[in-house]
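Report on one structure; see the data block that follows.
Every number here is computed from the coordinates shown, using simple stated rules; none is lab data. Only a predicted model underlies this, so the values are computations on that prediction, with no experimental measurement involved. A quick note on method: Cβ atoms are made from the backbone with ideal geometry, for glycine too, and the neighbour counts reach across all protein chains shown.
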Amino acid sequence: MKKNRFIALTAAIVALTACNTTPKVAPAIPQDKDIEAKVEKLLKEMTLEEKIGQMTQITSTAIANGLEITPAGDSIIRTYKVGSILNTPGGIAQTPEGYDKFVQEINRITLEATGTPTLYGLDHIHGTSYVLGGTLFPQEINLAASFNRTHAYNMGMVTAYESRAANVPWTFSPTMDLGRNPEWSRMWESFGEDAYVNAQMAVAEVRGMQGEDPNHVGPYHIAACAKHFMGYGVPVTGQDRTPASIAASELREKHFEPFKEAMQAGALSIMVNSASNNGMPFHCNTELLTQWVKEDLNWDGMIVTDWADINNLYTRERVASSKKEAVKLAINAGIDMAMVPYECQFAIDLKELVEEGEVSMERIDDAARRVLRLKYRLGLFDKPDTMLEDYPEFGGEAHAKLAYEAALESEVLLKNNGILPLQKNLRILVTGPNANSMRTLNGGWSYTWQGEGASIPQFTQQYNTIYEALDAKFDNVTYVPGVEYDLMSGNWKFDEATSVKEAVAAARKSDVIVACIGENTYCETPGNDEDLDLSDNQIALVKALAATGRPIVLVLNEGRPRIIREIEPLATAIVDILLPGNYGADALATLLAGEANFSAKLPFTYPKYTNKFAVYDYKPAENQGTMEGVYNYTAVMDVQWPFGHGLSYTKFAYSNMTVSHKEFKADDVIKVTVDVTNVGEVAGKESVLLFSSDIYASSTPDVRRLRAFDKIELAPGETKTVELEVTAKDLAFVNYYGKWTLEKGEFALSVGDQNQTLNCLETIVWDEPNID
Ligand code: BGC
């Protein structure tokens, strides 16, 4: 694991505290003395109500009508001294000028009422998606597919700059839930199924957002909010916000990992998972919120709830028998700010709880201190407002180029029986419900929560749909939808066969069919689905098109892998563009024309059957092979495509793998080199992935784990030696009893088709935090 800047600055273990034998680690974010002094001074001057106000966050729709703050909203802020506001006014994207004035007005009221600036937060999870004219990047699942950290960094950087142009200093991103259950409606918001990929990409995004110094974030950067802490991506039912059943070992080893890395890289806030694990809602889990995060990691950032989730401890989770008890449980567990989000009973209840001795003043001070520290770190006391005129690059060419480049590296070529690249003069039929929609390219959290805002022409008409991009790139393009969604509707599951016959007739007059299928957009609980199969209408469309005998290029445009087993053999080529954003269709046209090369790989395992989901780091016994191979635990897992699968217009050959240690001990750093050669005819980029396997272990080992990756570019015939590093401790696992464990014995490392075995010479067992 790469050391981050802050850890490198300080020794990991600094002292044993006098009264406690637990080793205290160095602060995840080294504090700035001046800021701390200012925070303490302010805290001393504040009343209990004012401190609780800092802990209260309400939604913009509770205080405003569109961009107009209502008298009732004004009064809520003043009465409860509300310290933070979230969400896009009116639930729809606004102009940057509109935001500038809106947040300025909130600041005017808040400063008058509390003497502190507001902390405004938006869900800019794939670029500046709630500000009109802002730059929308591909969703995180795409960035993961690029296996290129630079794109995550760029997205963070652009989002920060453009959010500040709209006077917004905080965003609820990156999302680092492990997308390990393909049924889950938010899989696409994450960096896929692997803990290491999530950690690496999240750290890059945090750095891009916050800049290099989390104590002085400055006017071109914003605070990140790593979410949703943690284990949100593996609900047992597959439905959003339903309970998980994650073993303690898995929680620590995989789900905690990206959060730990992001917090150590300076992430200034985290948001909590709405659901529960093994009966314990995350919002009242003292062990995780206070011990793991605040104490073990010595992290001084701020913990915010998710939407109404304190109240949900009472109304949904039923671990509290009243609203007030829910407040007590959550605040005592370590929550610093409550996204209430509509009314402020929270503030009334919390004040009473303090007066009754149920919540300590120390806890309130800790929470308020963390909120104030964040506001200071963001520079809001010096400059509460930032204005569009100081951000000339907002929505400009330079940002568009970065979003386009991210899209180009994020679309995965899954199959190509020689038909791609397409000749310019072919007669191309573009068809399918995803062929002519900006909404489906973007996914949820785009102009509106569920993404239907991207269908509003004034918002996105300057960008190209797939049909428009192909029409611009190729000589002879016809469009017939065949099947259509209702692109303005919330009923995203609905599609209708409107023109299958016409599409088939057009196919007969074409040389090639580009069938754009997949999903309409959704998000969170409204995105729950009972069936992962592609819709009947779309399957029927592809079958009817295939009957013409014309070759089909399937373009999958989807947030989670829809089962396509039945129609996969009917396609000559398949590209999964996932959710590539406003420039995703231009990128696709360039790739299909062969003017750029595909280089993305799947960051998740693509399932073949709805009753057979898998992740790449499964336990050996999970592999039951195919019908022919029952009890064959070394069979190739029967999935549609494995994690890491992705083709190119060229081929890469791996050779000469070396490892620095054939035998190693716990403190060793193992260096791996491998030669990668472009043996094809065209230039290409290749993500080089290093996997490890612990052959036998006292807890049943994962078959493999990704430990390092790097992306390189090679001209035809060119060879590069790639160097990757693994610290020995990265090869450890968390055992049944929750302890990090590195055991003696054999390990295998593999890169491409190259393998080496090596031996660990010692067994060590240690507690969290596993900081290298
Ligand atoms: C979502 C979060 C989001 C929050 C604020 C919640 O419903 O789960 O991801 O940040 O709303 O909009």
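Quick notes
- Filtered GluC sites (Glu not before Pro), the stretch 632-708: DSSP coil and at most 16 other beta carbons within 10 Å: GLU681
- Burial ordering of THR290, THR465, fewest other beta-carbon atoms within 10 Å first: THR290, THR465
- Counting other Cβ atoms within 10 Å as a rough exposure proxy, the listed residues TYR463, TYR342 run TYR342, TYR463 from fewest neighbours to most.
- Look at the Cα gyration tensor of the stretch 225-264: its axes a ≥ b ≥ c give a/c of at least 1.5 with a/b at or below b/c, and that counts as oblate.
- The alpha carbon centroids of the stretch 93-161 and the stretch 740-762 are separated by 43 Å.
- Between the residues TRP307, VAL327, LEU353, the greatest Cα displacement towards the positive end of the dipole of the stretch 302-371, with unit charges on the Cβ of Lys, Arg, Asp and Glu, is found for TRP307.
- Positive-end ranking of TRP188, GLN200, VAL659 along the dipole of the chain, with charges on Cβ about the Cα centre, is headed by VAL659.
- Ranking of TRP299, TRP292, TRP766, TRP307 by neighbouring Cβ atoms within 10 Å, starting from the fewest: TRP766, TRP307, TRP292, TRP299.
- Gyration tensor analysis over the Cα atoms of the stretch 35-163 returns equivalent ellipsoid semi-axes of 31, 20, 11 Å (largest first, whole Å).
- Estimated dipole of the chain in Debye, rounded to 20 [Cβ of Lys and Arg +1, of Asp and Glu -1, Cα centre]: 540 debye
- Here is the P(r) of the chain: all C-alpha pair distances, binned every 20 Å from 0, give 17, 50, 29, 4, 0 in whole percents.
- The stretch 199-254 and the stretch 401-449 have their alpha-carbon centroids 28 Å apart.
- Dipole of the chain, positive direction: furthest Cα of LEU534, ALA368, GLY451, with charges on the beta-carbon: LEU534
- All-pairs alpha carbon distance profile, the stretch 630-772, 5 Å steps from 0, percent: 2, 9, 17, 19, 16, 14, 11, 7, 3, 1, 0
- Within the chain, antiparallel bridges make up roughly 60 percent of the DSSP beta bridges whose residues both belong there.
- The spread of Cα positions in the stretch 549-687, taken along each principal axis and listed from longest to shortest, comes to 56, 41, 29 Å.
- Note on the stretch 119-219: along the principal axes its Cα atoms extend 37, 28, 22 Å, ordered by decreasing extent.
- Quotient of C-alpha Rg and 2.2 N^0.38 Å, computed over the stretch 318-470: 1.70
- Sparse packing (at most 12 other Cβ atoms within 10 Å of the Cβ) combined with a DSSP loop state is found for the following trypsin sites (Lys or Arg not before Pro) in the stretch 486-589: LYS509.
- Volume per residue for the stretch 172-240 equals 78 cubic angstrom (convex hull of Cα atoms).
- Considering only Cα atoms, the convex hull volume of the stretch 398-553 works out to 129 Å³ per residue.
- The stretch 153-247: GluC sites (Glu not before Pro) in DSSP loop, at most 16 other beta carbons within 10 Å: GLU212
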